[in-house]
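Encoded as structure tokens, the structure appears first; notes follow it.
The values are calculated or read from the model by the stated rules, or taken from the named source; none is laboratory data. The structure displayed is predicted, hence computed values, not measured ones. All Cβ positions, glycine included, derive from the backbone under ideal geometry; neighbour counts span all protein chains shown. Calculation scope for accessible area: heavy atoms of the full protein, side chains included, ligands and nucleic acids excluded. Shrake-Rupley method; radii C 1.70, N 1.55, O 1.52, S 1.80 Å.
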Amino acid sequence: KLIPKKNYFFCFKKKKYDSRNLIESFRANIIIGGGVAHEEDGWNNLVISQKNFQATKPCNRCKMICVDPNTGKIGFEPLKTLATYRRQMGKILFGQLLCYEENLDYSSSSSDFCIQVDSIVETINKIK
């Protein structure tokens, strides 16, 4: 799951959250900086650390993001806030699911790689 950091800040404006807890609650695999909130809705293909990924579909969010990862307490937020502006066809969408495209990878060492903090992310083939 990929979530741009700007999405969190957009959510902060809607309600007051502890930013660290909110980021941990979404349990994203990749968090990227820059861009604008919800820009990932229009992404199709990405290159991260010179490896190709396809954005397969928006991530449907469930009640799990309402569980505080530090205390285990269950609340209503941030799902309640997201539902006010990210609901589409009965689903609350936030972030993108990615799939590594090994067959599109032309680098010399496609079998082993690592995405690290400050890896360069490039979007290609944006959906209009």
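Some values worked out for this structure:
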item: Within the accessible area of the stretch 20-62 (1.4 Å probe), percent carbon and sulfur; result: 48
item: Sorted peptide list for 73-81, 35-43, 118-126, criterion being average Cβ within 10 angstrom, highest first; result: 35-43, 73-81, 118-126
item: Amide H within-cut-off set for Ile92, under 5 Å, with H built and near neighbours excluded; result: Arg61
